[in-house]
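Remarks on the structure that follows.
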Amino acid sequence: MDAKANRRELVLRYKESPPDAGVYRVVSRVTGAFLVGTAMNLDAMANRIAFATRFASTCLSIARSAKTI
């Protein structure tokens, strides 16, 4: 199997694999307040929370105190 065919197979396998679903928790280091939720795609939720805390977005209720997380 050449490298191009191997790459195609790996990409196809990646696209067919389902994302990891589960429960997550975000905890404020200062106040101890936390947010518990569920997500069908944990990686996407981790990115969303990181973005919200980095830019003090109000898309999540915990993001109001983003500077304390």
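The trypsin sites (Lys or Arg not before Pro) found in segment 1-50 that occupy coil by DSSP, while having at most 14 further C-beta atoms within 10 Å, are ARG29.
Label-to-label distance for SER28 and ALA46 is 2.4 nm, based on points extended 7 Å past Cα in the beta-carbon direction.
Bear in mind these aren't lab numbers, they're just calculated from the coordinates by the rules spelled out. These numbers come from a predicted model, not from an experiment. Neighbour counts run over all protein chains shown; Cβ positions are idealised from the backbone, glycine included.
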